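Right, one structure below, let's go through it.
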Amino acid sequence: MAEADVAAGVIDRLLSALAAQLALSDEQALSGGAAEALADLSRAEAEHIFGHAGHLVHYGADTEPLESLIHAISAVLRTEAPADAPFKPGDEVRLVGALPEALSEYDETWLRQISFTVRYAGRGPMIDVQSDLTEDYVVATVPAAAVERVPG
């Protein structure tokens, strides 16, 4: 087995274990230490974590605990996002205007019909979004100007 496959398998197991541990919590919240460890994720790290977790959910792993974990990680990153960020992790958005280059290989009609969740917002004009996990699990970096908040 290739080293990359082993690393991906380890990440999947760790995410599943953390999700199972979170499921035992009455508040469905990460412990202080777990939240602290996730607080300063880089864009690449967040993309990797959400991509793996989304893949597990999309392909039918025990979805409820993993979805709770995804929400809990988003909540941590939301508190860490810049105060002036136009969108924060956890916000539901949809694409507007020209199709971002990062999503150019996907069907545009499909992209316009689905909602995305913001997964990462830093100091720059770019945000990371993830498609609805029942549809797909793609995580893409797009300009914040390319999305608008979903009413609700």
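The values are calculated or read from the model by the stated rules, or taken from the named source; none is laboratory data. Here the structure is a predicted model, which means the values were calculated and not measured. In this analysis, Cβ positions are derived from the backbone assuming ideal geometry, glycine residues included, and neighbour counts consider all displayed protein chains. Only protein heavy atoms, including side chains, enter the accessible area calculation; ligands, DNA and RNA are left aside. Shrake-Rupley method; radii C 1.70, N 1.55, O 1.52, S 1.80 Å.
Some values worked out for this structure:
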| quantity | calculated |
| --- | --- |
| Any hit, region 74-82, residues being assigned to a loop (DSSP other than H, G, I, E, B) and under 23 Å from GLY152 (Cβ atoms) | yes |
| Which numbered condition GLU80 misses (of (1) buried (at least 20 other Cβ atoms within 10 Å of the Cβ); (2) out of contact with any Ser or Thr (no Cβ under 6 Å at 6 or more places or on another chain); (3) closer than 18 Å to LEU30 by Cα) | (1) |
| Given (1) at pLDDT 95 or above; (2) crowded, with 20+ Cβ neighbours inside 10 Å; (3) within 13 Å of the chain's Cα centre (by Cα), number of the condition VAL57 does not satisfy | (1) |
| Neighbours by Cβ (under 7 Å, 6+ apart or cross-chain): first from region 85-112, under 16 Å from ALA46 (Cβ atoms) and open to solvent by 40 Å² or more (accessible area, probe 1.4 Å); second among the small types (Gly, Ala, Ser) and assigned to a strand (DSSP E or B) | LYS88/ALA121; ALA102/ALA140 |
| Residue in region 46-55 that is within 14 Å of VAL76 (Cα to Cα) and in contact with a strand residue (DSSP E or B) (Cβ under 8 Å, 6 or more places away or on another chain) present | yes |
| Members of region 116-143 that are open to solvent by 40 Å² or more (accessible area, probe 1.4 Å), assigned to a loop (DSSP other than H, G, I, E, B) and farther than 13 Å from VAL57 by Cβ | ARG123, GLY124, PRO125 |
| So GLY97, is it outside any loop (DSSP other than H, G, I, E, B) and modelled with pLDDT under 95 | no |
| Residue count, region 7-27 (criterion: modelled with pLDDT under 90 and either surrounded by fewer than 14 Cβ atoms within 10 Å (Cβ to Cβ) or touching a Phe, Trp or Tyr at 6+ places or on another chain (Cβ under 7 Å) (or both)) | 6 |
| Test set (1) under 17 Å from VAL139 (Cβ atoms); (2) of a type outside the set (A, V, I, L, M, F, W, C); (3) in a loop (DSSP other than H, G, I, E, B) - HIS48 fails condition number | (3) |
| Residue check for LEU66: buried (at least 20 other Cβ atoms within 10 Å of the Cβ) and out of contact with any strand residue (DSSP E or B) (no Cβ under 7 Å at 6 or more places or on another chain) | yes |
| Residue, farthest from HIS48 (Cα to Cα), within region 112-125, restricted to residues that are modelled with pLDDT of 95 or more and among the hydrophobic types (A, V, I, L, M, F, W, C) | PHE116 |
| Residue in region 38-45 that is free of Cβ contacts under 8 Å to residues at least 60 places away in the same chain, closer than 13 Å to VAL139 by Cβ and surrounded by fewer than 16 Cβ atoms within 10 Å (Cβ to Cβ) present | yes |
| Odd one out for ALA34 among (1) surrounded by 14 or more Cβ atoms within 10 Å (Cβ to Cβ); (2) part of a loop (DSSP other than H, G, I, E, B) | (2) |
